[in-house]
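*Asks:* Provided herewith is a single structure, encoded as structure tokens, for subsequent inquiry.
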Amino acid sequence: MTAVPLQPPRRLVSFTLDGEETRVPEGSTILDACRSAGTDIPTLCQGDTLTPKNACRVCVVEVEGARTLAPACSRRAEPGMTVRTGTERARHSRKVVLELLASSTDLSTTPRAAEWIKEYEAKPDRFGEDAARVDEQPKIDNDLYVRDYDKCILCYKCVDACGEQWQNTFAIAVSGRGFDARISTEHDAALPDSACVFCGNCIEVCPTGALSFSTEFGMRAAGTWDEPAQTQTTTVCAYCGVGCNVTLHVQDNEIVKVTSPHDNPVTHGNLCIKGRFGFQHVQNRD
């Protein structure tokens with residue numbers, strides 16, 4: 001049995017959310033409160049294991065008395081505040097953000113992106129074919145994972161996971177400034193020549209599929225990736241005695257990728273190279 005550390009009790013904060021009195025534990029964000037209340041707010045750069053970056057701004061809500069819209073993923077609930085999530089101003093802002101993102105990046109593998117674009121009636125095509133895009137070929141320089149920066153929205157979650165928030169490897173970072181900003185290794189080196197240890201924790205937090213398993217990338221290219229048909233089984237990694245939980249994603253009786261539960265007290269969604277990519281020996285036919 002896994003021991004789950006108990007947290008000290010937190011007092012409740014009362015505020016008004018969409019006209020309803022709401023109470024959430026102190027320190028909760030507006031997004032936490034929305035999810036508890038069953039209110040759907042689109043998010044991209046928010047990660048449940050990472051500190052909010054406020055990069056995508058697609059989760060903005062209106063806080064009474066505030067001059068600007070507030071990102072729900074990082075703004076904490078305060079006693080007495082009044083929050084409205086579905087105002088015309090908030091919805092218009094989300095629509096414009098989705099239009100800008102979808103016109104400049106490939107969101108085809110971003111979960112729920114198409115649903116949100118339809119819901120907010122975003123029209124990314126209105127910027128025309130000349131809209132700025134990265135427009136580069138996927139980087140395939142190793143056997144484990146692929147970097148497709150046409151799908152990168154610069155949310156910095158991979159940088160945080162690789163850096164000080166989890167892995168402390170600092171193999172990837174933001175290079176360039178302004179319109180030239182992009183995610184890269186030092187001196188744009190190939191991953192095998194960089195400090196990367198291939199833990200794959202950057203893949204775990206990538207919200208758009210810009211970083212993906214080689215297996216997933218190949219199957220998507222071949223048209224055989226069928227996520228609804230996949231089963232997920234969580235078990236314990238057998239490579240060492242730490243006891244990390246791994247979730248095996250299986251399609252057609254083959255493991256196609258491995259993730260880890262974000263609420264696991266040991267891994268918090270993170271794994272090492274053996275836990276993340278060592279599944280290939282299970283189905284090795286040689």
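The values are calculated or read from the model by the stated rules, or taken from the named source; none is laboratory data. Small disclaimer: the values here were computed from a predicted structure and weren't measured. Here the Cβ is made from the backbone with ideal geometry for all residues, glycine too, and neighbour counts use every protein chain on show. For the accessible areas, the whole protein counts, side chains as well, though only heavy atoms, and no ligand, DNA or RNA atoms are used. Shrake-Rupley method; radii C 1.70, N 1.55, O 1.52, S 1.80 Å.
*Asks:* If Thr208 meets every condition in (1) open to solvent by less than 40 Å² (accessible area, probe 1.4 Å); (2) β-branched (Val, Ile, Thr); (3) over 26 Å from Pro52 (Cα atoms) apart from one, which number is that one?
*Replies:* In the conditions (1) open to solvent by less than 40 Å² (accessible area, probe 1.4 Å); (2) β-branched (Val, Ile, Thr); (3) over 26 Å from Pro52 (Cα atoms), Thr208 misses (3) alone.
*Asks:* Collect the residues in the stretch 149-182 that are surrounded by fewer than 17 Cβ atoms within 10 Å (Cβ to Cβ), among the small types (Gly, Ala, Ser) and touching a helix residue (DSSP H, G or I) at 6+ places or on another chain (Cβ under 8 Å), keeping them in residue-number order.
*Replies:* Listed by number, the residues that qualify are Ala173, Ser175.
*Asks:* Inspect all residues belonging to the stretch 103-115 and state whether any of them is modelled with pLDDT of 95 or more, under 30 Å from Glu21 (Cβ atoms), of a type in the set (Gly, Ala, Ser) and buried (at least 19 other Cβ atoms within 10 Å of the Cβ).
*Replies:* So far as the stretch 103-115 goes, no, none of its residues is modelled with pLDDT of 95 or more, under 30 Å from Glu21 (Cβ atoms), of a type in the set (Gly, Ala, Ser) and buried (at least 19 other Cβ atoms within 10 Å of the Cβ).
*Asks:* Could I ask something else about it? Is it true that some residue in the stretch 62-71 is under 20 Å from Glu26 (Cα atoms), open to solvent by less than 60 Å² (accessible area, probe 1.4 Å), small (Gly, Ala, Ser) and at pLDDT 95 or above?
*Replies:* Checked against the condition, which is being under 20 Å from Glu26 (Cα atoms), open to solvent by less than 60 Å² (accessible area, probe 1.4 Å), small (Gly, Ala, Ser) and at pLDDT 95 or above, the stretch 62-71 yields at least one hit.
*Asks:* Is there a residue in the stretch 79-99 that is in contact (Cβ under 8 Å) with a residue 60 or more places away in the chain and open to solvent by 80 Å² or more (accessible area, probe 1.4 Å)?
*Replies:* The answer is yes; a qualifying residue exists.
*Asks:* Moving on. Filtering the stretch 253-285 down to residues that are β-branched (Val, Ile, Thr) and under 15 Å from Cys199 (Cβ atoms), which residue is surrounded by the most Cβ atoms within 10 Å (Cβ to Cβ)?
*Replies:* First pass over the stretch 253-285, keeping only residues β-branched (Val, Ile, Thr): 255-256, 258-259, 266-267, 273, 282.
Next, only the ones that are under 15 Å from Cys199 (Cβ atoms) stay: 258-259, 266-267, 273.
On the way: Val258: 22, Thr259: 21, Val266: 15, Thr267: 24, Ile273: 14.
Selected residue: Thr267.
*Asks:* Whether any residue in the stretch 16-26 is out of contact with any Asp or Glu (no Cβ under 7 Å at 6 or more places or on another chain) and open to solvent by less than 30 Å² (accessible area, probe 1.4 Å) is what I want to check. Break it down into steps so the answer makes sense when it comes.
*Replies:* Let us first name the residues in the stretch 16-26 that are out of contact with any Asp or Glu (no Cβ under 7 Å at 6 or more places or on another chain), namely 16-23, 25-26.
From what's left, open to solvent by less than 30 Å² (accessible area, probe 1.4 Å): 17, 22.
Checking the stretch 16-26: at least one residue is out of contact with any Asp or Glu (no Cβ under 7 Å at 6 or more places or on another chain) and open to solvent by less than 30 Å² (accessible area, probe 1.4 Å).
*Asks:* Related question: For the stretch 205-213, does any single residue satisfy the condition of being in contact with a strand residue (DSSP E or B) (Cβ under 9 Å, 6 or more places away or on another chain), among the polar types (S, T, N, Q) and assigned to a helix (DSSP H, G or I)?
*Replies:* no
*Asks:* Scan the stretch 33-82 for residues that are among the polar types (S, T, N, Q) and part of a loop (DSSP other than H, G, I, E, B) and jot them down.
*Replies:* Thr39, Thr43, Gln46, Thr49, Thr51, Asn54, Thr68, Ser74
*Asks:* Continuing with this model, one more query. Do the conditions hold for Ile203, that is, is it β-branched (Val, Ile, Thr), in contact with a Phe, Trp or Tyr (Cβ under 8 Å, 6 or more places away or on another chain) and closer than 15 Å to Gln167 by Cβ?
*Replies:* Judged against the criteria, Ile203 is a match.
Table: residues versus (1) in a loop (DSSP other than H, G, I, E, B); (2) at pLDDT 95 or above.
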site: Cys199; (1), (2): yes, yes
site: Met219; (1), (2): no, yes
site: Thr224; (1), (2): yes, yes
site: Leu248; (1), (2): no, yes
site: Val258; (1), (2): no, yes
site: Asn264; (1), (2): yes, no
site: Thr267; (1), (2): yes, no
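*Asks:* If you scan the stretch 226-246, which residues turn out to be open to solvent by 40 Å² or more (accessible area, probe 1.4 Å) and either touching a Phe, Trp or Tyr at 6+ places or on another chain (Cβ under 7 Å) or assigned to a loop (DSSP other than H, G, I, E, B) (or both)?
*Replies:* Asp226, Ala238, Tyr239, Cys240, Gly241, Val242 - these are the residues of the stretch 226-246 that are open to solvent by 40 Å² or more (accessible area, probe 1.4 Å) and either touching a Phe, Trp or Tyr at 6+ places or on another chain (Cβ under 7 Å) or assigned to a loop (DSSP other than H, G, I, E, B) (or both).
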